[in-house]
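Everything below concerns the one structure shown next.
The values are calculated or read from the model by the stated rules, or taken from the named source; none is laboratory data. All figures in this text were calculated on a predicted structure; none of them were measured in a lab. Cβ placement follows ideal geometry from the backbone for every residue including glycine, while neighbour counts extend to all protein chains displayed. These accessible areas exclude ligands, DNA and RNA; they are computed on the full protein's heavy atoms, side chains included. Shrake-Rupley method; radii C 1.70, N 1.55, O 1.52, S 1.80 Å.
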Amino acid sequence: CLVNGCGDPNLTATCGTMLRQCIAVRCIHQLLFSKPSLIEPLFTSYAFDTNFDVSSDALQSIHDLLTKNKQLVSAALNSKLPLYSQVFGWYRNLICSDQYIIMRIVIKMLAEFLL
């Protein structure tokens, strides 16, 4: 429900902030990774939204999703698990975006993520 609210320009700031607060809680973060359909809209539609607030908020949520609770992220994104292919497939689409700002932010996030 919070992720769906991220696509509404009127709710973006509130839902995005709440989502990022939830990501900081390990068990909720783990739940989001266990149900990829919950996080898919962040990667596949909201990040590409024409409304700058929606897009930048989605990218910030993706950043937190991939950098908070590092041990959890490392375990969830094990290359032998299906989530790995899904997340990095979505991420590849962000990197290949024809929108310069999205591509630039995502490459910067990838550098931080790899460190």
Q: Bin all alpha-carbon pair distances of region 47-114 at 5 Å intervals from 0 and give each bin's fraction as a whole percent.
A: 3, 17, 27, 27, 15, 8, 2, 0
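Express the C-alpha Rg of the chain as a ratio against the empirical globular expectation 2.2 N^0.38 Å, rounded to two decimals. Walk me through the numbers before you get to the answer.
Values: Rg = 13.0 Å, N = 115, 2.2 N^0.38 = 13.4 Å.
Cα Rg divided by the expected 2.2 N^0.38 Å: 0.98.
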Q) Accessible surface of Tyr91 in the full protein assembly, 1.4 angstrom probe, to the nearest 10 Å²? A) 10 Å²
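Taking the Cβ-Cβ separation of Leu11 and Leu81 as r and a Förster radius of 30 Å, what is the calculated FRET efficiency to the nearest 0.05? All intermediate terms of the calculation are to be shown ahead of the outcome.
Values: r = 32 Å, r/R0 = 1.06.
FRET efficiency, Leu11 to Leu81: 0.40.
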Q | Cα-projected label distance for Asn93 with Leu115, points at 7 Å along beta-carbon direction, nm | A | 2.9 nm
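Starting from region 55-115, pick out the trypsin sites (Lys or Arg not before Pro) whose DSSP state is loop and whose Cβ has at most 12 other Cβ atoms within 10 Å. Please list the in-between numbers first.
Working: sites: Lys68, Lys70, Lys80, Arg92, Arg104, Lys108; in loops: Lys68, Lys80.
Here the trypsin sites (Lys or Arg not before Pro) that fit, given the DSSP loop and packing criteria, are Lys80.
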(Q) What's the magnitude of the charge dipole for the chain around its Cα centre, counting Lys and Arg as +1 and Asp and Glu as -1 at the beta-carbon? Answer in Debye, nearest 20. (A) 520 debye
(Q) Quick check: with the 1.4 Å probe, what order do Ser45, Ser37, Ser97 take by accessible area, largest first? (A) Ser37, Ser45, Ser97
Q) For the chain, which whole percent of the accessible surface, found with a 1.4 angstrom probe, sits on carbon and sulfur atoms? A) 58 percent
Q) What residue among Thr50, Pro36, Ile105 has its Cα farthest toward the positive end of the dipole of the chain, where the charges are +1 on Lys, Arg and -1 on Asp, Glu, each on the Cβ? A) Pro36
